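Peer 1: Below you'll find the structure I mean.
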Amino acid sequence: MKQEIILNRETIHYSRGVTNLKIVFMGTPGFALPSLGMLKNEGYNILAVVTQPDKPKGRGKRISMPPVKEYAIKNDIAVLQPKSVRAPEFINCMKDLNPDLMVTAAYGKILPASVLDIPIYGCINVHASLLPKYRGAAPVHWAIINGEKISGVTTMYTDIGMDTGDILLSEKVSISEGMTAGELHDHLALLGAKVLKKTLLEVKAGTVKRVPQKEDEATYAPMMDKDVGCVDWSKSSVQIHNLIRGTNPWPCAFSKHKGKKMKLWVSKVFNCDKHNYVPGTICQMDKEKIIVACGLGMIELKEVQYESCKRMPIEDFICGCRMDEGEIFG
């Protein structure tokens, strides 16, 4: 018995009861690992993983493998690392593999139609936001920087746009006041595997539904760089606190103190709406805390790091660093 489902640009047929889908998985960072692990644990036939080329990493610039490649090697899965997904040799390789379905999770490149049209059931992407909000490279960071209270994961049918394809399934999570980008990332990575599992079950059952995205509700989450973390003390304490959370663990918020760069890892909004201090002024300091004036309100620094020094709680930092009330950051 065959059942019609809509997953590609035209109606295709899927045989009920077939479980061993031939899948090519495309992903690069740690976010993709739970989804890849789920596919393996559920017995899907993973023909290969496609990931970004090895790159230099850290101060020593040692060449490092992407996390997805490391996982694939440990689990005897073939690895492809094309410099370009538009290269004819890569497209021919994909045609030779002849996958039923492609699954992507934080691969890092927009796929052309010449690749997306190869698998008969198309390509499903796991995206770390509630689409159409936060399309793009850094949805986790920008959700926190912008003070969102809710985030989530969406599985979508991939088309040639940037996260513009039809929505399949989504699931929400709450963002707590102190949650960092790293913590939300890890939570959404696990949730992504869960939502992907449900999506594939619905694909096989023929019950998956495609919902077009509402373009007028779309927002974008551009790629992060180190400059994003520069603190503008004229902003409110809430905005600065969100920046510190949203750039932890990378690229990390920072400011200058006596000409030296200081990374700001952890903070807390201090209960003060009005003050007469210049923004960036250290207005209160003792053995346990540093309170800094913002454009609106104040912020308490909880964990910091001077350049070339180790990250430390504010109590330890104060013991070894000379700071005085009235000094101004920035």
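Peer 1: Restricting to the stretch 216-226, name every residue that is under 18 Å from Gly108 (Cα atoms) and outside any loop (DSSP other than H, G, I, E, B).
Peer 2: Listed by number, the list holds a single entry, Tyr220.
Peer 1: Looking at Gln213, Gln239, which one is touching a residue at least 40 places away in the same chain (Cβ under 8 Å) and closer than 22 Å to Gly108 by Cα? Even if it seems obvious, please write down each step before you answer.
Peer 2: Working: Gln239 fails: closer than 22 Å to Gly108 by Cα.
Exactly one of Gln213, Gln239 is touching a residue at least 40 places away in the same chain (Cβ under 8 Å) and closer than 22 Å to Gly108 by Cα, namely Gln213.
Peer 1: Do the conditions hold for Pro119, that is, is it in the same structural domain as Leu191 (by TED's automatic domain parsing), part of a loop (DSSP other than H, G, I, E, B) and either under 20 Å from Tyr44 (Cα atoms) or among the β-branched types (Val, Ile, Thr) (or both)?
Peer 2: The answer is yes for Pro119.
Peer 1: For the stretch 237-315, which fully contained strands (runs of 3 or more DSSP E) count at least 2 residues that are touching a helix residue (DSSP H, G or I) at 6+ places or on another chain (Cβ under 6 Å), within 18 Å of Gly330 (Cα to Cα) and modelled with pLDDT of 95 or more?
Peer 2: Of the strands (runs of 3 or more DSSP E) lying wholly inside the stretch 237-315, those with at least 2 residues that are touching a helix residue (DSSP H, G or I) at 6+ places or on another chain (Cβ under 6 Å), within 18 Å of Gly330 (Cα to Cα) and modelled with pLDDT of 95 or more span 253-257, 260-270, 298-306.
Peer 1: Which of the residues spanning the stretch 185-210 are farther than 15 Å from Ala128 by Cα, assigned to a helix (DSSP H, G or I) and among the hydrophobic types (A, V, I, L, M, F, W, C)?
Peer 2: Scanning the stretch 185-210 gives Leu200, Leu201, Val203, Ala205.
Peer 1: What are the residues in the stretch 122-150 that are in a strand (DSSP E or B) and either buried (at least 24 other Cβ atoms within 10 Å of the Cβ) or touching a residue at least 60 places away in the same chain (Cβ under 8 Å) (or both), if any?
Peer 2: Keep residues of the stretch 122-150 that are in a strand (DSSP E or B), which gives 123-127, 135, 150.
Those that are in a strand (DSSP E or B) and either buried (at least 24 other Cβ atoms within 10 Å of the Cβ) or touching a residue at least 60 places away in the same chain (Cβ under 8 Å) (or both): Cys123, Ile124, Asn125, Val126, His127, Arg135.
Peer 1: Of the residues that make up the stretch 79-97, is at least one surrounded by fewer than 17 Cβ atoms within 10 Å (Cβ to Cβ) and in a strand (DSSP E or B)?
Peer 2: yes
The values are calculated or read from the model by the stated rules, or taken from the named source; none is laboratory data. Every value quoted in this text rests on a predicted model; they were computed, and no experiment measured them. No Cβ is skipped: glycine too gets one built from the backbone with ideal geometry, and neighbour counts run over all protein chains shown.
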